[in-house]
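Q: One structure, pasted below without further comment.
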Amino acid sequence: MSKRQLAMVMDLNKCIGCQTCTVACKTQWTNRNGREYMYWNNVETHPGAGYPRNWMEAGGGFDQDGNLKDGIIPDMVLDYGVPWDYNHDELFNGSLLQTKSDLEWGPNWDEDVGGGEYPNSYFFYIPRICNHCSNPGCLAACPREAIFKREQDGIVLVDLERCQGYRYCIAGCPYKKIYFNPKISKSEKCIFCFPRVEKGLPPACAHQCVGRIRWVGFLDDEEGQVYKLVHKYKVALPLRPDFGTQPNVYYVPPLFDPPKFDDNMAPIENSRRIPMEYLELLFGKEVHQALETLRKEMEKRARGEESELMDILIAYSHRDMFRLDNNYYQQEAAKKGLKGSEFFKIIDQRYLQGANTQRVEIKDYTFHEKVLPLPQKEKHGGH
Amino acid sequence: MEDFDKLYEEDTFKEVMGMSKEQYKKKVEEMLAKSEGDKGIGHGKSYWKDVQTFLLFADARFRRNKGSTYKKAFLEKAKFIAYVDFRMSDFANYADILLPAKSHYEVWDLRTNPGYHRFANLAHPPTNLKPVGEAKSEWEICTMIVEKIQEIAMKKYKETGDKKYIKIPDPELSKTGYRDLDTLVDEYTINGQLRDDRDAVEIALENTDQFKPNTIESMFKRGGYLTLNEKAGKSSPLYPDKPYNAFENNLFLYERFETLSGRITYYVDDDLWIQEGANVPTAKEPIRPRKFPFVLMTPHARWSIHSTYKTSTLLLRLQRGKPYVMINPEIAKKKGIKDGDEIRVYNTLGEFYAMAKIYPSCPKDAILLEHGWEPFFYKGRKGHNEVVASPLNLLELSDGWGHLKFGGNWDGNQHAYETSVDIEKV
Ligand code: SF4
Ligand code: SF4
């Protein structure tokens, strides 16, 4: 456990699946250098296979006794989908616009598909980033101890100098939110935009979010809206808590779905299209209580009474939604007597050193080998 | 009209419209005869019959509402096409001259939409931006065209001494009755003040009452926007501390609406509207042929603005990368179509090919296809408009009655749910 923990809350009732967050992340971090296929932030339709395909069935995480479970590495072609390119250059000569490779699967392949039958079909979106877990499966799985969790804010990062590209972390993460970079043969993942966060800006995905569905702050900051949503009102829940990694991204579960229609196309009162079992699978039993609280507070507000919870969920102002504890990082740096460009050295020396890391030559390049058994821990020590 | 004839069934059309296809066509001819020319000869909706030279800006015209008959007719008529765009759109291939433009975020511009909100944003090129190839802003392109026209006209005039090269008759739109090509550049650029995109923004800020008092610098200081002043409220006063509510002027302050009665008008006793039984708002059955089982619905795309940005690799990777048609699971099963299969969509008018996506939210009597795909995305360059005839809604042609006038807001509409198709696995 880190000293403090940054967290994000996402209100699924307001996500419109626009992928602005995905694009914000992609253009900032992953449109180059072997990261092209990675979506550190993706938005997927549920129920659905998601990205990478069927990640929920891909293993990893911990069992009841806290033992790491076996997991698989998703297939590049069938599960992640190879990012396709186009013949844009040939358009000038009157060519059709075509992809240069076959289309098999992509990060949003089953957009809006969901479940049910017309006219009672249903779907909702889940945006996903790395959960910066308190008990990270990726970290536990790494035999090189190349993955670390920052003391100051709990952000989980890969020390690229130590990483040898074994990819056990990918098998170990039950959310499949750590990726193998084939160009440098090392693992990379969402960094919670720490260079932005340290300057007082929220991660790009949260800042750009059109639906204003995301809150960012420290979990122990009792004045912060993140704390209130997670701990005070308990309406924000971790995704798949049964995976045992103690995620730090929390979701306000979907309360609103249209009522079902009967055979005469009349709405059936008090009916729900999204099955509660599915919400339970995603968010655990707590989802009932969370939805109940949301409903009650909404009714309160409808009667014209005050509701702090509703005020928070309306997301009036970025200033309140993103509370990075004014100057927390500056103070941490000051304690160590650092300033200016030394600033970044406070917490992520290990990550920054990795910027010029050498490619690892992997002899046994078994991407296709599916189930990775648990590795033996190497002795901590030199490279 | 050819397409109209081919697609629509006489019976269905007559039943819905209360007139035969022949009668409809005759009516259209009549209305067109009334309308030709700048002001509309008989004061109908203006249209220009004999245009042969086109200067088009960002207009992927063959992806818009008509199929190959329209394309053929247009290309036969157009003797010369100059096309300006920041991307290689499908239409760019048909141009005689392509003029590369800078994109929205490489130029100076003011973006505003009074009526929805009370702000204007400043778009400006990022510092140190290097131009892509020879791309220029649309303002610069127009200035250069105007300069060339004047240069050529002056040369001819000097060679021949004949004034006809610099005095072009334009009885309808020019106050003097002529276009003076010897002073064209001065006129167009307001004596050199208005030559490019940045000039345009500065002049707009200086001269538009609603923007005052503002300059580029003052907008920068505020983070790139200005607040429109109280003069900008077109249909409602602008209060410093209240949001804009459209039509407050008319609904609460008792100003007239721009209608015959001065009120919101539901009743239109224009001859044509009466004839069509539409003098009060009237829902009608769709005119689409009944022999094809699926209505083709083309909802707005998620992230493209019609075809703009449709070719973005980044965004295309966030869907299926090429045109896909959404089909109800039960229908797909009946037709032996699996998710990802290539299917043919067709009717009497034509066909196009796309990928099938099985989609539970699709009704059983419809197929869904996001709009905005350009023909060059499809096999054989045959886009989804191959199956569409797009006859104008006659009501759109009536004129000279109250608010039914030709003007900037006129946008000739067609019929809702106008086409039906069948599908098969390829
Ligand atoms: S979500 Fe996965 S990659 Fe992120 S910290 Fe948790 S286990 Fe590691
Ligand atoms: S930007 Fe916000 S609303 Fe849009 S998909 Fe992402 S999380 Fe959802």
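Q: Would you check which residues across the stretch B:239-277 are crowded, with 17+ Cβ neighbours inside 10 Å and of a type in the set (A, V, I, L, M) and list them?
A: B:Val268, B:Leu272
Q: If you don't mind, another one. Could we say that A:Asp153 is modelled with pLDDT under 95 and in contact with a Gly (Cβ under 7 Å, 6 or more places away or on another chain) here? Don't jump to the end; show me each part of the working.
A: Working: modelled with pLDDT under 95: yes; in contact with a Gly (Cβ under 7 Å, 6 or more places away or on another chain): no.
No, not satisfied.
Q: Something else now. Which members of the stretch A:1-33 meet the condition of being in a helix (DSSP H, G or I), within 16 Å of ligand 1 (Cβ to nearest atom) and under 14 Å from the mean Cα position of the chain (by Cα)? I'd like the intermediate steps shown before the answer.
A: Kept after step one, since they are in a helix (DSSP H, G or I), are these residues of the stretch A:1-33: A:20-30.
This time we only want the ones that are within 16 Å of ligand 1 (Cβ to nearest atom), so: A:25, A:29-30.
Across the stretch A:1-33, the qualifying residue is only A:Cys25.
Q: Please give the number of the condition A:Leu279 fails out of (1) part of a helix (DSSP H, G or I); (2) in contact (Cβ under 8 Å) with a residue 40 or more places away in the chain.
A: Result: A:Leu279 passes all but (2).
Q: Can you tell me which of B:Leu7, B:Leu55 is of a type outside the set (Phe, Trp, Tyr) and surrounded by fewer than 19 Cβ atoms within 10 Å (Cβ to Cβ)?
A: B:Leu55 is the lone residue from the list that is of a type outside the set (Phe, Trp, Tyr) and surrounded by fewer than 19 Cβ atoms within 10 Å (Cβ to Cβ).
Q: Restricting to the stretch A:113-128, and then to whatever is within 23 Å of A:Arg240 (Cβ to Cβ) and more than 7 Å from chain B (Cβ to nearest Cβ), can you tell me which residue is nearest to ligand 1 (Cβ to nearest atom)?
A: Residues of the stretch A:113-128 that are within 23 Å of A:Arg240 (Cβ to Cβ), as a first pass: A:113-116, A:122-128.
Right, trim to more than 7 Å from chain B (Cβ to nearest Cβ) and you get A:122-128.
On the way: A:Tyr122: 27, A:Phe123: 23, A:Phe124: 21, A:Tyr125: 18, A:Ile126: 14, A:Pro127: 14, A:Arg128: 9 Å.
So, considering only residues that are within 23 Å of A:Arg240 (Cβ to Cβ) and more than 7 Å from chain B (Cβ to nearest Cβ), the one nearest to ligand 1 (Cβ to nearest atom) is A:Arg128.
Q: A further question on this structure: Of the conditions (1) over 22 Å from A:Ser2 (Cβ atoms); (2) within 16 Å of ligand 1 (Cβ to nearest atom); (3) surrounded by fewer than 24 Cβ atoms within 10 Å (Cβ to Cβ), A:Tyr179 clears all except one; give me its number.
A: (3)
Q: Quick check: anything in the stretch A:129-144 within 16 Å of ligand 1 (Cβ to nearest atom), outside any loop (DSSP other than H, G, I, E, B) and under 20 Å from A:Arg53 (Cβ atoms)?
A: Initial filter on the stretch A:129-144 (within 16 Å of ligand 1 (Cβ to nearest atom)): A:129-144.
Now restrict to residues that are outside any loop (DSSP other than H, G, I, E, B): A:137-141.
Cutting the leftovers down to under 20 Å from A:Arg53 (Cβ atoms) gives us A:137-138.
Yes - at least one qualifying residue is present in the stretch A:129-144.
Q: Let me ask something else about it. Just to be sure I understand the filter: pairs with C-beta atoms under 7 Å, separated by 6 or more residues or on different chains, first member in the stretch A:153-177 and among the hydrophobic types (A, V, I, L, M, F, W, C), second member within 16 Å of ligand 2 (Cβ to nearest atom). Which pairs pass?
A: Filtered contacts from the stretch A:153-177: A:Ile155/A:Phe192; A:Val156/A:Cys130.
Q: May I pose another question? Being within 25 Å of A:Arg272 (Cβ to Cβ) and polar (S, T, N, Q) is the filter; apply it to the stretch A:285-321 and report the residue that is farthest from the chain's Cα centre (by Cα).
A: Initially, the stretch A:285-321 is screened for residues within 25 Å of A:Arg272 (Cβ to Cβ), giving A:285-303, A:307, A:309-310, A:312-315.
Still in the running and polar (S, T, N, Q): A:289, A:293, A:307.
Details: A:Gln289: 24, A:Thr293: 25, A:Ser307: 29 Å.
Only one residue fits best here, namely A:Ser307.
Q: If B:Glu206 satisfies all but one of (1) outside any loop (DSSP other than H, G, I, E, B); (2) buried (at least 16 other Cβ atoms within 10 Å of the Cβ), what's the number of the condition it fails?
A: (2)
Q: Just need a number here: residues in the stretch B:294-344 that are part of a helix (DSSP H, G or I) and within 11 Å of chain A (Cβ to nearest Cβ).
A: Residues of the stretch B:294-344 that are part of a helix (DSSP H, G or I), as a first pass: B:313-316, B:329-334.
Add one more test, that the residue is within 11 Å of chain A (Cβ to nearest Cβ), and what stays is B:313-316, B:329-331.
Total satisfying the criteria: 7.
Q: May I ask you to say which residue of B:Arg111, B:Arg63, B:Arg87 is closer than 25 Å to B:Phe220 by Cα, outside the structural domain of B:Gly407 (by TED's automatic domain parsing) and among the basic types (Lys, Arg)? Show your work before the answer.
A: Values: B:Arg63 fails: closer than 25 Å to B:Phe220 by Cα; B:Arg87 fails: closer than 25 Å to B:Phe220 by Cα.
Criteria check complete, one pass: B:Arg111.
Q: Sort through A:Val210, A:Val252 and tell me the only one that's within 16 Å of ligand 2 (Cβ to nearest atom), within 14 Å of chain B (Cβ to nearest Cβ) and touching a residue at least 40 places away in the same chain (Cβ under 8 Å). Please lay out each step first, then the result.
A: Working: A:Val252 fails: within 14 Å of chain B (Cβ to nearest Cβ).
Answer to the check: A:Val210.
Q: Test B:Glu15 against the criterion of being in the same structural domain as B:Leu349 (by TED's automatic domain parsing) and either under 25 Å from B:Gly277 (Cα atoms) or among the small types (Gly, Ala, Ser) (or both), and give yes or no. Give the steps one after another, and end with the answer.
A: Values: in the same structural domain as B:Leu349 (by TED's automatic domain parsing): yes; either under 25 Å from B:Gly277 (Cα atoms) or among the small types (Gly, Ala, Ser) (or both): yes.
Yes: the conditions hold for B:Glu15.
Q: Let me ask something else. Look through the stretch A:1-44, keep the residues that are within 23 Å of A:Cys133 (Cα to Cα) and without any contact (Cβ under 8 Å) to a residue 24 or more places away in the chain, and return whichever of them is farthest from ligand 2 (Cβ to nearest atom).
A: Filtering first and then ranking leaves A:Thr30.
Q: Still on this structure: Could you please find all residues in the stretch A:156-198 being touching a Gly at 6+ places or on another chain (Cβ under 6 Å), of a type in the set (A, V, I, L, M) and outside any loop (DSSP other than H, G, I, E, B)?
A: A:Ala171
Q: Inspect the stretch A:62-72 for any residue being of a type outside the set (A, V, I, L, M, F, W, C), more than 16 Å from ligand 1 (Cβ to nearest atom) and under 26 Å from A:Pro241 (Cβ atoms) and give the result as yes or no. Can you show your working first?
A: At the first step, the residues of the stretch A:62-72 found to be of a type outside the set (A, V, I, L, M, F, W, C) are A:63-67, A:69-71.
Okay, now just the ones that are also more than 16 Å from ligand 1 (Cβ to nearest atom), so A:64-65.
Next, from what is left, pick out any that are under 26 Å from A:Pro241 (Cβ atoms): A:64-65.
Checked the stretch A:62-72: at least one residue is of a type outside the set (A, V, I, L, M, F, W, C), more than 16 Å from ligand 1 (Cβ to nearest atom) and under 26 Å from A:Pro241 (Cβ atoms).
Q: Let me ask you something else. Which of the numbered conditions does B:Leu368 fail, given that it passes all the others? Conditions: (1) over 22 Å from B:Ser304 (Cα atoms); (2) crowded, with 19+ Cβ neighbours inside 10 Å.
A: The one condition B:Leu368 does not meet is (1).
Q: Tell me, please, whether a residue that is free of Cβ contacts under 8 Å to residues at least 40 places away in the same chain and away from ligand 2 (no atom under 16 Å from the Cβ) can be found in the stretch A:133-141.
A: Of the residues in the stretch A:133-141, the ones free of Cβ contacts under 8 Å to residues at least 40 places away in the same chain are A:139.
Going one step further and asking which of them are away from ligand 2 (no atom under 16 Å from the Cβ), we end up with A:139.
Yes, because at least one residue in the stretch A:133-141 is free of Cβ contacts under 8 Å to residues at least 40 places away in the same chain and away from ligand 2 (no atom under 16 Å from the Cβ).
Q: Another question about this same structure. Against the condition within 16 Å of ligand 1 (Cβ to nearest atom), at pLDDT 95 or above and more than 14 Å from chain B (Cβ to nearest Cβ), how does A:Leu219 come out, does it pass?
A: Working: within 16 Å of ligand 1 (Cβ to nearest atom): yes; at pLDDT 95 or above: yes; more than 14 Å from chain B (Cβ to nearest Cβ): yes.
Judged against the criteria, A:Leu219 is a match.
Q: Right, here's the next one. Within the stretch B:345-370, how many residues are over 20 Å from B:Thr69 (Cβ atoms) and more than 13 Å from every other protein chain (Cβ to nearest Cβ)? Explain how you work it out, then say what you get.
A: Taking the stretch B:345-370 as the starting set, the residues that turn out to be over 20 Å from B:Thr69 (Cβ atoms) are B:354-370.
Applying the additional criterion that residues be more than 13 Å from every other protein chain (Cβ to nearest Cβ) yields B:369.
Selection size over the stretch B:345-370: 1.
Q: I've got another one for you. Quick check on the stretch A:53-111: of everything there that is more than 9 Å from chain B (Cβ to nearest Cβ), among the small types (Gly, Ala, Ser) and surrounded by fewer than 15 Cβ atoms within 10 Å (Cβ to Cβ), which residue is nearest to A:Gly137 (Cα to Cα)?
A: Filtering the stretch A:53-111 for residues that are more than 9 Å from chain B (Cβ to nearest Cβ), among the small types (Gly, Ala, Ser) and surrounded by fewer than 15 Cβ atoms within 10 Å (Cβ to Cβ), the one nearest to A:Gly137 (Cα to Cα) comes out as A:Gly66.
Q: Step by step: first the residues of the stretch B:120-143, then only those that are loosely packed, with under 14 Cβ neighbours inside 10 Å and hydrophobic (A, V, I, L, M, F, W, C), then the one that is nearest to B:Ser218 (Cα to Cα). Which residue is that?
A: By that ranking, first place goes to B:Leu129.
Q: In the set A:Gln152, A:Gln164, which member is more than 16 Å from ligand 2 (Cβ to nearest atom), touching a Lys or Arg at 6+ places or on another chain (Cβ under 6 Å) and more than 30 Å from A:Asn13 (Cβ to Cβ)?
A: Numbers: A:Gln152 fails: touching a Lys or Arg at 6+ places or on another chain (Cβ under 6 Å).
From the options A:Gln152, A:Gln164, the qualifying one is A:Gln164.
Q: Here's something else I'd like to know. Pull up the stretch B:135-186, narrow it to residues that are among the hydroxyl-bearing types (Ser, Thr, Tyr) and under 25 Å from the mean Cα position of the chain (by Cα), then point me to the one that is farthest from B:Asp109 (Cα to Cα).
A: Taking the stretch B:135-186 as the starting set, the residues that turn out to be among the hydroxyl-bearing types (Ser, Thr, Tyr) are B:137, B:143, B:157, B:160, B:165, B:174, B:176, B:178, B:183.
The next check asks that each one be under 25 Å from the mean Cα position of the chain (by Cα); those that pass are B:137, B:143.
Values: B:Ser137: 10, B:Thr143: 16 Å.
Only one residue fits best here, namely B:Thr143.
Q: Now, a different point. Among the candidates B:Pro329, B:Pro375, B:Pro360, single out the residue that is under 19 Å from the mean Cα position of the chain (by Cα) and not acidic (Asp, Glu). Working first, answer last.
A: Numbers: B:Pro329 fails: under 19 Å from the mean Cα position of the chain (by Cα); B:Pro360 fails: under 19 Å from the mean Cα position of the chain (by Cα).
So the residue among B:Pro329, B:Pro375, B:Pro360 that is under 19 Å from the mean Cα position of the chain (by Cα) and not acidic (Asp, Glu) is B:Pro375.
The values are calculated or read from the model by the stated rules, or taken from the named source; none is laboratory data. Keep in mind the model is a prediction, meaning the values are calculated, not measured. Positions of Cβ are generated from backbone atoms using ideal geometry, with glycine treated the same way; all protein chains shown enter the neighbour counts.
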